[in-house]
Every structure is written in C-alpha cells, then in structure tokens.
Amino acid sequence: MNVFMIFRVAVRAIWRNKTRSALTMLGIIFGIAAVIVVLAIGRGASLNMVAEISKMGNNMVMIFSEQRHTAAGVRGAAGEGQSLTASDGLAIRRELSHLVQAVTPEVRTQMQVVYAEKNWSTTVYGCSTEFSTIRNWEVAEGSFFDELEEKQCARVCLIGRTVATNLFPNDDPVGRTIRIGNMPFKVKGVMGVKGVGGFGQDQDDAVLAPYTTVKRVLQASKFPDNVRHIKLSLYSMDQLDEAKREIGLLLRQRHRLADSDDDDFRIIDMAEITSTMSAVSSTMTVLLAAVAAISLLVGGIGIMNIMLVSVTERIREIGLRMAIGATPANILGQFILEAVVLSTLGGALGVALGVAGAQTIGNLQGWPILVEPSSAIGAFLFSALVGMFFGFYPAWRASRLNPIDCLRYE
Amino acid sequence: MEHLIEIRDLRKIYALGEEPVAALDGVSLTIEQGEFVAIMGASGSGKSTMLNILGCLDTPTSGSYLLDGIEVARRSRTELARIRNRKLGFVFQNFNLLARTTAIENVELPDFYLNRLGRSARRARARMLLERVGLGGRGTHTPAQLSGGQQQRVAIARALMNEPPVLFADEPTGNLDTKSSVEIMNLFTELSNEGITIVMVTHEDDIAAYAKRHLLMRDGHLIKDDASGGGA
Ligand SMILES: Nc1ncnc2c1ncn2[C@@H]1O[C@H](COP(=O)(O)OP(=O)(O)OP(=O)(O)O)[C@@H](O)[C@H]1O
Ligand SMILES: [Mg+2]
C-alpha cells in the first residue's frame, strides 16, 4: 500500500466526519494562529525598536563614567561625583579629530518649566553645540545656542515640541523667556519633532541648554566639570573599533590609571544597545510563543482524544482491513496520517488566520507587523509534528488490536 | 504428499472465568486443494474458533498448523497479515463491507495492501469480479444501497480480489433469506468447480449440502468427518 493510497483513505475518513474534524482542528487552528500573531507582533516590534535605536544618533558612541573597583574598594566618595569630565570630551574632540566629528557631554535634570501661567515638568538636557549633529535632531524654528553662549553659561535654551505645545499653545516661543527652576531662560528655538523613542519615551518632551549653564547655574554643582555621560559621533562606523580603542587609551591616560587598574568608564556603541534590545524582545517573543505553544499542546490533545474515539468507533473497519491483509504498520500509518492530515489542515488554516489576524491587529493598533515566512513554515511543520506526536498513541493502539477481537467487537 | 491445510492437535483455551474453556480441544485434520468443506455443529461447539484459526485471524494456544506446507501457528502479526492478504479470502456472516464506500472500492481493497495491480488494472479486475458475482451495474452503490444478498456478493468479489487459493466463510448465509442464500451457494459451487478451496461454517443442513465434505464438531472436538480418506 503506497503513501498516496493511505493518504486518500485518511482524507476520506476526515471528510466523512466533517463537523467533528472541523471541531477537532479548531484547537490547532487557534494555536497556530496565536503563534503566528505573537511572532509577527514580536518580530515587528523588535525590528521597529532596532530601527528607532539606530535613529537615536548619528554613528553614535556613548561613554559612561563607571565606578572603579580597586583593592581598596570602591574609589571615589559620593560627593566627588563622576570620573568623566566635560574636559575629557573636549580632549577627545581635539586629539581624535580624525575619527570623531562631534562631541557633547550630557547632563540631565528633571525640572519644572514655567511660562506665564503654564507649567510643565520636563527633562532638561545640558549639552554642547554639537548635540544636534550627534542626535540627528534639527532645529525647527530659531537657532541652536552657540559656542560663546556655551562658554559664558548663557541662560538660553531650546525646547522640544511637546514642551512648546504645553507652554505656548498659542504664541510663538522663539525669543520668549521661560523660567526653569525659577531662573529665566531665553528660548532660542524649537526642536523638530523626534517622536517616540526606542524605549517608548516621548523624545520631544525635553529642554536643551548649554551643559555649562546646567551644571553651574541650574545645579550649582561643586564639580561643574564632572559629567556622567558623553556622546560622540564618528565619521564612519567602519572606524568604530579603532575609535573605541583610541578613546579608551586617551581616557585612561587622562584619568591617570595604572596598567593594573580597571577602566573607570564604559564605551558603548549603538550596535551593542541594539543587540541587547533585540535580545530582550526575543526573550519576550519566546515567552509569548511558549504560551501559544501550550494552546497547541491543548489542540494536540484534542486530536489525540478524537483519534482514540475514532479508533474505537472504527474497530470493525480495522478488523476487516486486518482480515484482508492490512499489516500493523499499515494500520499505524493510516491513523497517524489521518491525525497528521487533520493537524496540518488545521495548521494551514491557522497560518492563514494568523497572518490575517496579525495584519488586522497591526492596522487597528498601528503596530509594526512582520510575518516572517520562516515562522509561517515553521508553525505549519510544527502542526504536522503535533499530529504525528499526538496521533501516534491512538494509531499504535489500533495497530496492536487483534483482527478477531475487532471483528467480534459489538 | 503435501496438504493445503494440515492441523495437528490444535487447542484453543480461553481462560477468562474461573474454569478455562477449551473452544478447541485437540483437533487434527487435513484439507486438500480444491475441497469444499462444511463445518457443522451446535452453537458453541468451536466452529468459528476453528475457522478463525484456519484463516490466520486468530492463533491457537497449542498445536501445529501447516498452510501450504508452512507452519503458521506462531508467525508474527505482520507475516500473518501478508498470508491473509495473498492466500486467504474471507466471507463473513455480516458482510463487513466498508460503509460509505462504493462496491467497487470495497472489492479493490485487498489489492491496496498487496499493490500488485496498477490503478486501472485494479479497477478493471474489481469491475470484472463484480460482473462475475452478478453485480455489474452496481459498482458505484454503497453498502447502504444494496440488499443483504448483494452485499454478500460484493464481499465474495472482494475475497477473490487477490486470487487466493482458499476461501473461508463463517455462516455466509446466516443473515440472508432463502433466495439469496441459494444464489450465494450457487456462486460457491461455481468457484469450487473452478478449483478454489472453500471452508464454510454453517448449521443449516441444506446449506451444508452444497459442500462435498462435512465436519461435525462438538465441545471443541471433531467428532465426525465424512471425507473418504480425510480426517486425522
Ligand atoms: N473471545 C472469547 N473469549 C472467551 N470465550 C470464547 C471466546 N470466543 C469463543 N469463546 C468460547 O469458545 C467456545 C466456542 O465458540 P465459537 O464461537 O467457536 O462457537 P461456534 O461453534 O462458532 O458457535 P455459534 O454457532 O454460536 O457461532 C464457546 O464456548 C465460546 O463461549
Ligand atoms: Mg460461530
């Protein structure tokens, strides 16, 4: 008996019990559809996140100050602040100008900003004049502050679109004076819309001011040169490794680290962040897929249940087939194939439903959706596997039956 | 000489309740190629048990069974299936056709497992066999659309599909009226005349009369065998 004939027998047996077959398939259909939808949303989201993160900056490399562990324990008392300084940034700009096109220190502080009776809490970023280049963030109205203003700790700022709409619902903000933490700042311009960031934050909810002003005036810091964070822009990502090495050497030298000392800073590029974020989102995808897989398991048990019923119901048929020459292997094959046809049919319908469902959810929610062919094919093959796995036991039971017991069965 | 069927001291013990039941209690006999044998006896005497063992549908508890010179009493299930498929045909009291399956497809079934003929040759042979049993025009009918006598004729055509040398029939007319019974027995007689060996269980004398040799059973024993030179 060849496979094609067994296949015909299987299809016919399924077709004979249309309603029951359809109900049995439902579990698989929804299980597979759930897997497809979850994977489509997960992959879409992580791809979107990667895109957003790389949009965050232009060939961007970040340096964070880090507390250093020595034999004497953690070096640097709390009041001393960070090891990284704005001067480090200037030194990188000066000495590695063949690699680095722009540098900005970055300090952040949460502040209340006020204009007239309007009042808004936002993040104030202290940065250099090159911030706009590094972050790929253009000024929409007005102009960025200049080096002189940076040097003089001028009380000037630029505001993000969200701040602008909240403080200036009707007026043009450029040239107005707002109060940041009770100090008057002149608004030099409004930044262009940047949108939602890779971490879901509103990037337009921000005020930009010279870092000198933020450190000395707003924060009245005792260590005005210390910053936690420096961002810089390379000319080319091809030089990333070289740049990281050079920056590391320069900073170690400037921080007077002995050869045995660990770095007191950390250099991170966007590729690292991207891969970390993808790892996080793929963990989520795996978790959600596990939930979907459980529903497939339930679907598989449904198939097993129906196949067991089917074996009992068709016990005389089994006996007759055995009497006229079906071997145990023939019977095993017939019932496994029946389960596989059921489950793959369910799988195919599930893939179709899942793709349609993912598109619909994507359209309704405005989420990015990515149905990868590999996940559709994988889900389909998995459904076949479910059929094989859960069909095996009933089929095996059928194949172990004695022909005479089957024929006598009432 | 080699016999088609040769059984020696065949026993079948059912040990279900407290008392084991010996459905067959040491039966020996031989059947030659081309014989038409009727097994008779009271209800519960072991006729069906005997036929099922001869038909390789069941295995004896002890004893030997040579079919065509081959010991089959202790063969694997797969080997027994192959033997049934190639050498044995079955006709049951309740026809045992596949429901919702056309007559011609029922007849084709044994060759699905043998796969001796191609698709069209199989169809042609099935059609020929249906014609042979007088159901030429009924190939597309399903069992539900056929009378009992017609269903039994489809079953006979199916039994002949792989050209087996032996046909086993357990009360083939048990569910049929007299007219249909006569038709079936005439068919058996024809087949027997063509050289097919037939072993049939019945408890009706007028049905048994079609056979050339009669075995009588009682309580698992073969008590009478009217064959000249037959018996143990
Ligand atoms: N599966 C079984 N389990 C237990 N006992 C059985 C089984 N099959 C048959 N028997 C017993 O074996 C004996 C012979 O049964 P068998 O079916 O061979 O009789 P039979 O001659 O065909 O009777 P009938 O004319 O009623 O069909 C009976 O006593 C029966 O109860
Ligand atoms: Mg009987």
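Calculate the spin-label point distance for B:Thr140 paired with B:Arg74, positioning each point 7 Å from the Cα along the beta-carbon direction, and give it in nanometres.
If labels sit at B:Arg74 and B:Thr140, their model points lie 5.3 nm apart.
Estimate the FRET efficiency between A:Leu257 and A:Gln359 by the formula 1/(1 + (r/R0)^6), using the beta-carbon distance for r and 45 Å for R0, to the nearest 0.05.
Numbers: r = 55 Å, r/R0 = 1.22.
Efficiency for this residue pair is about 0.25.
Exceeding 30 Å between C-alpha atoms, which entries from my cross-link table qualify? They are A:Lys118/A:Lys194; A:Lys188/A:Lys231; A:Lys118/A:Lys231.
Working: A:Lys118/A:Lys194 23 Å; A:Lys188/A:Lys231 23 Å; A:Lys118/A:Lys231 32 Å.
Result: A:Lys118/A:Lys231 exceed 30 Å.
Would you mind pulling out the separation of the Cα centroids of region A:315-338 and region A:168-212, in Å?
If you average the Cα positions of each part, the centres end up 77 Å apart.
What is the gain in length, in nm to one decimal, between A:Ser236 and A:Glu117 on full extension, counting 0.36 nm per residue of separation less the C-alpha to C-alpha distance? Spell out each step's value before the answer.
On the way: separation 119, 0.36 × 119 = 42.84 nm, distance 4.67 nm.
The span from A:Ser236 to A:Glu117 would gain 38.2 nm if fully extended.
If you restrict to DSSP beta bridges whose two residues both lie in chain B, what percentage is antiparallel, to the nearest 5? Provide the component values of the computation, followed by the final result.
Values: 19 of 37 bridges.
Antiparallel bridges make up about 50 percent of those DSSP assigns within chain B.
Once the Cα atoms of helix A:373-399 and of chain A are each reduced to a long axis, what angle between those two axes, in degrees from 0 to 90 to the nearest 10, is obtained?
Tilt of helix A:373-399: around 30 degrees.
Taking the Cβ-Cβ separation of A:Asn182 and A:Arg228 as r and a Förster radius of 22 Å, what is the calculated FRET efficiency to the nearest 0.05?
Values: r = 24 Å, r/R0 = 1.10.
The pair A:Asn182/A:Arg228 has a calculated efficiency of 0.35.
Give me the angle, in degrees from 0 to 90, between the Cα long axis of helix A:270-313 and the longest principal axis of the Cα atoms of chain A, rounded to the nearest 10.
20 degrees
Got a sec to turn the phi values of region B:126-135 into Karplus ³J(HN,Hα) couplings, 6.51 cos²θ - 1.76 cosθ + 1.60 with θ = phi - 60°, whole Hz, x for Gly and Pro?
Taking θ as phi minus 60°, the curve returns 4, 5, 4, 5, 5, 4, 4, 8, x, 10 Hz for region B:126-135.
Taking every DSSP beta bridge that has both residues in region A:101-227, what percent is antiparallel when rounded to the nearest 5?
Within region A:101-227, antiparallel bridges account for around 70 percent of the total.
May I ask you to derive the FRET efficiency for A:Arg20 and B:Ile13 from their Cβ-Cβ distance with R0 = 35 Å, giving the value to the nearest 0.05?
Details: r = 41 Å, r/R0 = 1.17.
So the FRET efficiency works out to roughly 0.30.
Under the rule of at least 5 residues apart or a separate chain, name every residue whose amide H is placed under 5 Å from the amide H of B:Gly26.
B:Leu10, B:Arg11, B:Lys12
Excluding B:Leu191 itself, what net charge comes from residues whose Cβ is under 14 Å from its Cβ, given Lys and Arg +1 and Asp and Glu -1? Working shown, then result.
Working: positive: B:Arg132, B:Arg153, B:Arg158, B:Lys212; negative: B:Glu35, B:Glu163, B:Glu183, B:Glu190, B:Glu194.
With Lys, Arg at +1 and Asp, Glu at -1, the neighbours total -1.
Ignore the peptide's own chain and count Cβ atoms of other chains within 10 Å of each Cβ in A:324-334; give me the average, rounded.
On the way: counts 19, 18, 7, 10, 5, 3, 5, 1, 0, 0, 0.
The shielding value for this peptide is 6.
How much of the DSSP bridge set in the protein assembly as shown is antiparallel, in percent, rounded to the nearest 5? Before the final figure, lay out the partial values.
Details: 59 of 86 bridges.
About 70 percent, rounded to the nearest 5.
Could you work out how far apart the two model spin labels at B:Arg132 and A:Glu141 are, taking each label as a point 7 Å from the Cα in the direction of the beta carbon, and quote it in nm?
Those two pseudo-labels are separated by 9.9 nm.
Quick one: which residues, 5+ away or cross-chain, put their amide H under 5 Å from the amide H of B:Ile39? H built at 1.01 Å from N.
B:Met200, B:Val201, B:Thr202, B:Leu215
Just to be sure I follow the rule: in region B:5-225, considering lysines 8 or more places apart or on different chains, how many pairs have Cα atoms under 22 Å apart? Write out the running numbers ahead of the final one.
Numbers: B:Lys12/B:Lys47; B:Lys12/B:Lys224; B:Lys47/B:Lys87; B:Lys47/B:Lys212; B:Lys47/B:Lys224; B:Lys87/B:Lys212; B:Lys179/B:Lys212; B:Lys212/B:Lys224.
The result is 8.
Among A:315-328, A:207-220, A:13-26, B:195-208, how do they line up by average Cβ neighbours within 10 Å per residue, starting with the highest?
Working: A:315-328: 23.7, A:207-220: 22.1, A:13-26: 15.7, B:195-208: 19.5.
The densest-packed peptide leads the list: A:315-328, A:207-220, B:195-208, A:13-26.
Since every read-out is calculated from the coordinates, none of them should be taken as a lab result. Keep in mind that this is a model prediction, so the values were computed, not measured. Every residue, glycine among them, receives a Cβ derived from its backbone with ideal geometry; neighbour counts consider all protein chains shown.
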